[in-house]
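Report on the following structure.
The values are calculated or read from the model by the stated rules, or taken from the named source; none is laboratory data. This structure is a prediction, so every number in the text was calculated from the model and none was measured. Ideal geometry is used to build each Cβ from the backbone, glycine not excepted, and the neighbour counts take in all protein chains shown.
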Amino acid sequence: MQDEIWQAVAVPRSPEQIQQEIDAARESLGSTLDELAFRTSPKRLSDQAKEKAQAFLQSPPGMAIVGVVGLTVTFVVTRRIVKAVRKH
């Protein structure tokens, strides 16, 4: 069986049609670039990360982690103070 190769058939277009296609492509590209700029905006990404962090920290697992970290820091600081007092 022989492989068939499909090729686009050249359809004559007027200069106006070509210009319309170029304008449509330019508008589409502009919209795409605007969307990419919005999605990758550092301010927007920063705000989004803050919102997610706050939501996590207010959830039960987040509060548990904050509690464990707080207890660990308290334990380490207390231990260092006790060691420093015993040395003197």
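Being of a type in the set (K, R) and loosely packed, with under 10 Cβ neighbours inside 10 Å: is that true of K52 here?
No, not satisfied.
Can you run down the residue pairs with Cβ atoms below 9 Å, 6 or more apart or on separate chains, where the first is in region 35-54 and under 27 Å from I65 (Cβ atoms) and the partner is of a type in the set (F, W, Y)?
R44/F38
Would you say L71 is assigned to a helix (DSSP H, G or I) and at pLDDT 95 or above?
Yes; evaluated as a whole, the condition is true for this residue.
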